[in-house]
Amino acid sequence: MSVARKDVATLRQNWSVQQALDAIRQRGVGEKIVYFYVVDEDERLAGVVPTRRLLTAPLEQQLCDLMIKRVVAIPQGATVLEACEAFVLHKFLAFPVVDEHRRIVGIVDVGFFTEEVFEMTEEGERPDDVFEAMGFHVAQVREASPLRAFRFRFPWLLATIGSGTLCALLASAYEVTLAKTIVLAFFLTLVLGLGESVSVQSMTVTIQALRAVQPTFGWYVRAFRREAGTALLLGSACGTVVGIIIWLWRGTPLAAFSIGASILLTLCAACFFGLSVPALLHALKLDPKIAAGPVTLAFTDIFTLLFYFGLAAWLL
């Protein structure tokens with residue numbers, strides 16, 4: 001990448017914090033240093049140490065114990081658009097640029113793409129505002145190429161096509177159940193709509209959370225407990241309301257219970273997928289804003305029909 005700066009502050013992983021600080025004083029640092037990158041004996045990228053962590057660590061601590069080993073790097077052959085997308089997705093202020101042997105050849109920081117970024121941070125604006133501005137510029141570039149946008153978005157829409165086809169096959173497998181209890185057909189759209197609405201709500205909350213935190217297993221467990229509690233409350237309330245409506249309207253308590261219970265299970269599944277799909281896509285370094293919607297809705301629709309018709313076939 002030709003726009004990468006060459007003033008990279010690299011440190012050896014077998015150095016202590018004291019040795020690293022001595023080396024920094026002797027060699028100096030480049031412009032706008034945010035992270036210190038750690039290399040091994042073969043000059044390959046091994047980790048990264050944020051400036052604050054380096055300055056506050058005990059002097060005798062080894063960098064190999066202090067550094068963050070999982071480093072997101074930009075390949076030397078990446079385009080400016082790909083680098084810009086990395087900033088928006090990962091929310092870092094700088095990335096190392098590496099060659100095919102993972103040796104650092106330069107560094108790109110967010111200031112290259114917009115001079116407003118450092119002005120915003122100096123004025124005390126939230127870091128999220130910086131990356132929102134970056135995301136706006138990425139969208140402008142992406143919209144300039146319809147073919148690129150098509151290649152990026154169409155594969156995820158295949159999930160919707162696939163799930164729709166599978167849902168049609170599932171519905172056809174329960175033709176006898178539908179014919180026997182016509183009320184199921186009346187409320188199918190309502191149950192699908194409830195599941196999709198709740199899954200989109202959970203997905204939106206999760207994507208917003210992923211912009212502010214680095215997800216861990218502990219974070220996922222806590223978020224799952226919160227979403228599970230919310231799902232139980234939503235499912236119980238919605239299932240009860242719809243069940244009462246069916247009972248009063250059609251006078252079929254068993255059908256009312258079956259549909260109400262399927263709503264409870266559907267909303268629990270919707271919350272689970274609304275949380276899990278964006279978290280998984282984020283862990284795989286895919287853009288959850290583009291991919292999570294079709295995938296989440298696909299899983300939600302499939303499980304909605306399984307719960308809806310499965311309970312009806314069992315109870316009615």
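The values are calculated or read from the model by the stated rules, or taken from the named source; none is laboratory data. Bear in mind the structure is a predicted one, so any value in this text is a computation, not a measurement. Neighbour counts run over all protein chains shown; Cβ positions are idealised from the backbone, glycine included. We work out accessible area using only protein heavy atoms, side chains counted, and drop any ligands, DNA or RNA first. Shrake-Rupley method; radii C 1.70, N 1.55, O 1.52, S 1.80 Å.
Points worth noting:
- Percent of Cα pairs exceeding the 19 Å cut-off, where the set is the stretch 148-236: 62
- Across the protein chains, with a 1.4 Å probe defining accessible surface, the residues Trp249, Trp314 rank Trp314, Trp249 from largest area downward.
- Spin-label pair Leu190-Cys64: with each label point 7 Å from Cα along the Cα-Cβ axis, the two points sit 6.5 nm from one another.
- Inter-label distance, nm, simple model (7 Å from Cα along the C-beta direction), Ala171/Arg53: 5.2
- Note on Glu60: accessible area is roughly 140 Å² with a 1.4 Å probe, heavy atoms of protein only.
- Each residue of the stretch 153-168 was assigned a 3J(HN,Hα) from its phi angle through the Karplus curve 6.51 cos²θ - 1.76 cosθ + 1.60 (θ = phi - 60°); the sequence is 9, 4, x, 6, 6, 4, 4, 5, 5, x, 5, x, 5, 5, 5, 5 Hz, with glycine and proline shown as x.
- If R0 is taken as 35 Å, the Cβ-Cβ distance between Asp42 and Glu82 corresponds to a FRET efficiency of 0.85.
- Here Lys91 sits with roughly 60 square angstrom of accessible surface, probe radius 1.4 Å.
- Surface accessible to a 1.4 Å probe, Trp247 within the full protein complex, Å²: 140
- Leu280/Gln26 FRET efficiency (R0 35 Å; Cβ-Cβ; nearest 0.05): 0.20
- Modelled label reach - Arg222, point 7 Å along Cα→Cβ, the stretch 55-89 residues with backbone N closer than 13 Å: none
- Residues with amide H under 5 Å from that of Val105, placed H, sequence gap 5 or more: Val97, Val98, Asp99
- Check: the stretch 184-289 dipole with +1 on Lys, Arg Cβ and -1 on Asp, Glu Cβ, in debye: 220
- The amide H of Val38, built 1.01 Å from its N in the peptide plane, has Leu11, Ala46, Gly47, Val48, Val49 as neighbours under 5 Å, considering only residues 5 or more places off or on other chains.
- Accessible-area ranking of Leu286, Leu184, Leu311, largest first, probe 1.4 Å: Leu286, Leu311, Leu184
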